[in-house]
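Down below is the structure, laid out as structure tokens.
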Amino acid sequence: MYNVAIVGATGNVGRKFLEILEQRDFPVKNLYLFASKRSAGTTLQFKGKDFIVEETCDENIVNKKIDFALFSAGGGVSLEFAPKFAKIGAVAIDNSSAWRMDPKVPLVVPEVNPEDIKWHNGIIANPNCSTIQAMPVLNAIHKKYGIKRIVYSTYQAVSGAGIQGIKDLEDGYKGIEPKKFPYPITGNVLPHIDVFEENGYTKEEMKMINETRKILHDDTLKITATTARVAVLNSHSESINLELQNEFELDDIVNLLSNTEGVVVYDNTKELKYPTPLFVTGKDDIYVGRIRRDFSVDNGLNLWVVADNIRKGAALNAIQIAELMIDKK
């Protein structure tokens, strides 16, 4: 049995942590919930019992024995407190972008690079939600055929922007101006997520590019990305265009992905079967459809990939990392 802390317990992902820990019957001995000073005192339930949320501060942490600290509280909180949890013997598994590109911190998708947990120093980074759902698919293809180039185009749900992102979508139907997004998201598409960088890409786009290379252990990969926010409540969709190094048969790609851990091929155009956000929400797996050749280049391949961004794209992946560490022990 293990002592588990959740930092950012009152947010979308924090509450999803609780739900999935219960559903998967994670061996929790003691549970500690932390959030901001504003949210401290909130009551949350786990396995029918009430737990009071404490403020994330030194005095509430230092005397506790914690094995796993699941973080979803923003980069600033992670930078400050993940090392403090590590210092008291916990493994901090962080959902923010704070530690992802630190060369001393593993960036892990359990189905793809489980071996990387071996070199952690008390902190393990959870990749960006849009990166996570692409990785099992691309890893399988890269290992067998080699990937020369990746073109990401994402259609990301408002839940990825937190509770206020969801509220902006709901408020838009009432004619209320957005607070999270710069323009109304209701009935709209916003072609940027996070801030713009000097190279013209957004921070979200550069996350996908850099994290893909780190997780797949290949800095030579040519990758470009365009990430967009769409008027969808939950689950991210991605159009992934690949140029492979070697020739392939389409049936072999389908068979390969059908036998890839965590991936479900849902692809039958005659029956109009393809993954959609509404269909995938609440599911653990990553769904792939619209698998077809890109005839414009040699060895080109198109994929449509959809996953629940709050579930697999955040909470579940972090819990799977903790489960992986328990299995390794």
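The values are calculated or read from the model by the stated rules, or taken from the named source; none is laboratory data. Fair warning: this is a prediction, and the values are worked out from it, not measured in the lab. Using ideal geometry, Cβ is built from the backbone for each residue, glycine included, and neighbour counts are taken over all protein chains shown. What goes into the accessible areas is simple: the full protein's heavy atoms, side chains included, and nothing from ligands, DNA or RNA. Shrake-Rupley method; radii C 1.70, N 1.55, O 1.52, S 1.80 Å.
Give me the percent of DSSP beta bridges within the chain that run antiparallel, rounded to the nearest 5.
50
Using a probe of 1.4 angstrom, how much of the accessible area of segment 37-146 is carbon and sulfur, in percent?
51
Using the structure shown, select from 167/283; 65/179; 16/87 the pairs with a Cα to Cα distance greater than 32 angstrom.
Flagged as over cut-off: 65/179.
So which trypsin sites (Lys or Arg not before Pro) in segment 135-202 end up in coil per DSSP with only 12 or fewer other C-beta atoms within 10 Å?
Filter output for segment 135-202: 174, 179.
Within the set 148/207; 207/312; 207/273, which residue pairs have Cα atoms separated by over 21 Å?
207/273
Under a 1.4 Å probe, what is the accessible area of the chain per residue, stated in Å²?
With all protein chains present, the chain gives 46 Å² per residue.
Only helical DSSP H runs with n ≥ 4 go in: add -39500 (n - 2.57) per run for the chain, normalise by residue count and round the 222 nm mean residue ellipticity to 500 deg cm²/dmol.
Calculated at 222 nm, the ellipticity per residue is -8000 deg cm²/dmol.
Taking the square root of 5 times each eigenvalue of the Cα gyration tensor, what semi-axes in Å does the equivalent ellipsoid of the chain have, largest first?
33, 24, 19
Rounded, prolate or oblate: which fits segment 21-178, taking a ≥ b ≥ c as square roots of the Cα gyration tensor eigenvalues, rounded meaning a/c under 1.5, else prolate when a/b beats b/c?
Because a/c hits 1.5 or more and a/b fails to exceed b/c, segment 21-178 counts as oblate.
Within the chain, what's the longest stretch lacking GluC sites (Glu not before Pro) that sit in DSSP loops with no more than 15 other Cβ atoms inside 10 Å?
By the stated rule (loop sites, at most 15 other Cβ atoms within 10 Å), 1-196.
Just to confirm the filter: which chymotrypsin sites (Phe, Trp or Tyr not before Pro) across segment 250-309 are DSSP coil and have at most 10 other Cβ within 10 angstrom of their Cβ?
Sites meeting the loop and neighbour criteria: 295.
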